Each structure stands twice: as C-alpha cells, then as structure tokens.
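Working notes, beginning with the structure itself.
Read-outs throughout are calculated quantities, based only on the coordinates presented, and are distinct from any laboratory measurement. These numbers were taken from a predicted model, which means no experiment stands behind them. Cβ atoms come from the backbone with ideal geometry, glycine included; neighbour counts cover every protein chain shown.
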Amino acid sequence: MINKINLKIKVNDITTICYGICVFVFVIGQSYLPASSAVLSMLCKGLRFVAVAVPALLFLKNSKFSIRNLVMWGLIALLIIGNIFFNQADSDLIYIVIFMLYCSKSKPEDVIKTYCISAFVGIVLVIAAWFIGAIPSEVRGGRACLGFYFATFGPNLFLHTVLAYIASRKNRIKLSRWILIEIVNVWFYKMTDTLAVFIIINAGIVLYYVFNIEKVKQVLFEGKVFKRILEVSPFACAIVTILAQYFYIEHYNEPMYMAVNVALSNRPYFGKIAIETYGISLFGQPITWLTGIDGTKVSGMDYFYVDSSYLQVLLKYGIIMLVVLCAVMMVVQCYSVLTRNVYMCLGCALFLIHCITDPQLLSFRYNPFIIASIACVGIIKSQKKIEKQGEDIYYE
C-alpha cells in the first residue's frame, strides 16, 4: 500500500512538472526568442513533446481501462500526431483538456503554483534577452514590446503570474513582496501603457488586505448570499459582459456610449461588428481575427478582434462551450468557498473580471485555474463525503 501511495505522489509530481515545462514553452512562444535560433525553436518543440508524452507513458503504465482513460489517450494521440507541430493557438483547447486530466490528482494549489513559477521564469528570460539585445526591440505607438510579439503580452503574463501567486498562497504575503510586485507593475505600465493590468494588480493588492480581515472572511464564507455570489461569479461575469455589449449595440450612436467605446479602446465597437457579422449559435463558427501586423485585410479592415473572453468564446465556440467553461470555472470558486481558501477565491475572481475585457479564459498560457478544475472536483467530492459521514454518525 505504501509503495502504491508513493508511486501516485511521484506520478502527480512529474505530471505537474511537465505542466510547468509546457507553460514555460508557451510563454516564451509569445516572444521572438524561439525564432531567434533554429536550435532553440527545435528545443521548444522537443520540450513540449516530452511534457505531453512523459505523463502519458506514466498513466499508461499505472492505469486500467476506462472511458475516461480512453478519452484521454485519444486526445493525447491527436495532440502528439498533429497539433503539437502547428501554431500554438490552434491547439490551446487540446492542451487544456489533456493537462486537466493529467493534473486531476494533484493539489489545485500546487498546479497553480507551478504555473506561477514557470510563467515567471519565462517572462524573466524573454525580458533579459530583450534587455541585452538578443531579440528585437520594437516600439509600436509609443508602447514597447519588450521582446514579445505585442506590447500587451508581457504585462498580461505578469498579471496572471501575480494572480497565480496570490491563489497558490497558504499564508500571508509579506509587504516587501507586494512592494516589489508594485515596482514591476509600474515599470510595465510605463513601458507598455497597459492600463487594465495596472489597475487590476493595484486592486488585487488592496483586496488582498481587505479579504484578510476576519470579519470579511466570515461574511464571504458564512453568509449564504455572498457564498452563492462567489460560486456563480463566472456566469455573472459572462452575463454582465454580454448584456453590456447588447446595450452598446442598441445605443452606440449616443455620446455616452461613444465615450465608453473610446475608453475601452474600441472593444465594444468590434464586439458589435462581430455579433452583426457572425451572430450567435450553439456551436459557434470559424472566425478570422485580424491583428493588423501582417497586412491581411478582410472587407477593407486590417484589424478585427474581440478582446472579451466571454464574447470571443460565445462567437467562436458557441453558447454550449461558454456555459461549459463558466461551469468549469465555477467549480474552482466552489472549491475556494468550500475550503475557505480566501487567496484562491481572490485570485480566481480577479482573473474572471479581467476576462471581461481580455481574451484569456480559454488560453493555456494564461489560465491555470481551468487546469486545476478537475482536481478541485475530486477534493469537493471527498469533502462532501466526509461531511455526509459526519452527519450520519451524528444522527446515529
């Protein structure tokens, strides 16, 4: 029995490490670093292959036949045979599903901590390469790209690293670390003018101290209303986003809504075009996004992109996929409430709010919470089973 337990722990540790390797490769894949060297590019592909294949071999060796395992092997085969060699964006969904299954027996906090470390190392490596001039130093519209393909990539990755750092904590964060985070936050804002990241990190610092007040914890985790609000927050964020978009569509010519559109960098306007062009369906449809840097034009436009995660998923993948994703994120918040994990709750809540304006919900490189969701399900079931047994003993 002891040997089996030790083997399970070892397998879980290895799969979590492989997740970290894959995150690291995806993060530096957002930069010019892999393209700077053919050897480095091949090394990144090799690391991704190893990160996917090693857990597969471990599970294959130690698991029995089941529908769950059959699904996992099918997805793994699809990834290894095809998607691993193509554009990362095309295989995001498959990577997410596979690592959700791989990390299903790990601790949610360990999964998120692994993301935090791997993403941080990737960011530091890219910026260090940019600083010494090893990769291109581009400035577009007064915004420095810092070695990444877009100016927003670096600060957004930093934001999600900070959110993962908060969510993975088991005890309080020292003031000195918050000061360091704020210094880096200000630097990113000065270099890239990414306002949303700057605001959310500052809001996170304030809310961190608010959430640590004992009275606030009691209200959040003991009051039925606030508990339910936290649990359904993914659906709430999605509904608010969609309703706000339709309000804009109805009133887009009015001065107030025009001002809102300017303040949100034309996000509502492009959401309007996308809904009117493609419509909303159960299963979505293929959409060609234009980023304005490769000269591609569609209907005379060289830029067309919906930044909001909820709108993007709704349009491209459909209503069913959006509901499934919100349900998956709801599991993480239910886990946070059940275990009274104030740090996980705060980190996930800020992530969901950021997804209102940015496209990180269905992204392997940005969303560690979705990877930890199945692990959360297992703990929720175990916790409820223990509570039920306790109730049965009490009534006996």
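Quick notes
- Gain on full extension, evaluated as 0.36 nm per residue between Lys385 and Ile273 minus their Cα-Cα distance, stands at 35.4 nm.
- Taking Ser309, Ser363 and counting other C-beta atoms within 10 Å, the order from fewest to most: Ser363, Ser309
- Pairs over the 18 Å Cα-Cα cut-off, from the set Lys272/Lys316; Lys105/Lys224; Lys107/Lys215; Lys61/Lys381; Lys170/Lys227; Lys170/Lys224: Lys105/Lys224; Lys107/Lys215; Lys61/Lys381; Lys170/Lys227; Lys170/Lys224.
- FRET E, pair Leu175, Leu207, Förster distance 22 Å, beta-carbon r, rounded to 0.05: 0.90
- In order through region 126-143: 3J(HN,Hα) via Karplus (6.51 cos²θ - 1.76 cosθ + 1.60), integer Hz, x for Gly, Pro: 5, 5, 5, 5, 5, 5, 8, x, 6, 10, x, 10, 9, 10, 10, x, x, 10
- Ranked by the mean number of other Cβ atoms within 10 Å per residue, highest first, peptides 203-209, 271-277 order as 271-277, 203-209.
- Placing unit charges on each Cβ (+1 for Lys and Arg, -1 for Asp and Glu) gives the chain a dipole about its Cα centre, and among Val328, Ile135, Tyr269 the Cα reaching farthest toward its positive end belongs to Val328.
- Listed from fewest to most Cβ neighbours within 10 Å, the set Phe283, Phe270, Phe369 follows the order Phe283, Phe270, Phe369.
- The fewest-to-most ranking of Val71, Val210, Val306, Val97 by surrounding Cβ atoms within 10 Å reads Val210, Val71, Val97, Val306.
- Inter-centroid distance (Cα atoms) of region 303-326 relative to region 210-234, Å: 28
- Here each label is just a point 7 Å from Cα along the line to Cβ, and for Met42 and Val240 those points are 5.0 nm apart.
- The chain, dipole about Cα centre (Lys/Arg Cβ +1, Asp/Glu Cβ -1), debye to the nearest 20: 1300
- What separates the Cα centres of region 116-189 and region 241-271 is a distance of 30 Å.
- When each of the peptides 189-197, 119-127, 223-231, 21-29 is scored by the mean number of other C-beta atoms lying within 10 Å of its residues, the order from highest to lowest reads 21-29, 119-127, 189-197, 223-231.
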